[in-house]
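The values are calculated or read from the model by the stated rules, or taken from the named source; none is laboratory data. The structure presented is a predicted model; accordingly, all values stated were derived computationally and were not measured. Every residue, glycine among them, receives a Cβ derived from its backbone with ideal geometry; neighbour counts consider all protein chains shown.
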Amino acid sequence: MIEPDKSNWNEIAIGFIADEINEEVLSPAKSGCERFIRPEDLDAGQLFIKNFRSPEDIGSGKLCYEGDIIFARRNVSIFQFKRRSSVLTFDAVCSDELTVIRENEKILTKGFLNLILNTTKLWNTLFLNQSVLSQMERG
């Protein structure tokens, strides 16, 4: 495998290329969106969200729009939701347990961040860092 020359690469924060979106909805059933997404609706390794449910009887959530990236990370184990990052192809309301990310299209080609979020190398790094942090916390 050919390794790229990284000598002139700059490290950047994810906030430079994307924004976390938090448009809270107190009553998803009355929001006008007919689709609600929970962490279980994201299939590991799938680039696009296919599963959803009705927003009936849901207390609250976040608005998300076609093209947004939905990322399962909040209050969940990395083992449980490994590689669960997908792009919406429709407008919806999602669970508060999910993170909504919108790419900065002036800097990044639409959809590219989702490809990065689904790479094995990224998840292996996250897994390693979580394992090391867990061991350090246990002392």
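Filtering the stretch 46-53 for residues that are modelled with pLDDT of 90 or more and either touching a His at 6+ places or on another chain (Cβ under 8 Å) or closer than 16 Å to Leu117 by Cα (or both) leaves a non-empty set.
Look at the stretch 107-130: where a residue is at pLDDT 80 or above and a partner is among the hydroxyl-bearing types (Ser, Thr, Tyr), sitting 6+ places away or on another chain with Cβ atoms under 8 Å, you get Asn114/Ser85; Asn114/Ser86; Leu117/Ser85; Asn118/Ser85.
The residues of the stretch 82-123 that are within 16 Å of Asn51 (Cα to Cα), touching a Phe, Trp or Tyr at 6+ places or on another chain (Cβ under 7 Å) and of a type in the set (Ser, Thr, Tyr), listed by number, are Ser85, Ser86, Thr89. How many residues are of a type outside the set (Gly, Ala, Ser), more than 15 Å from Ile70 (Cα to Cα), loosely packed, with under 14 Cβ neighbours inside 10 Å and touching a residue at least 12 places away in the same chain (Cβ under 8 Å) if we restrict to the stretch 25-49? The qualifying residues number 1.
Within the stretch 97-110, the residues that satisfy the criterion of being touching a strand residue (DSSP E or B) at 6+ places or on another chain (Cβ under 7 Å) and exposed (fewer than 14 other Cβ atoms within 10 Å of the Cβ) are Asn104, Lys110.
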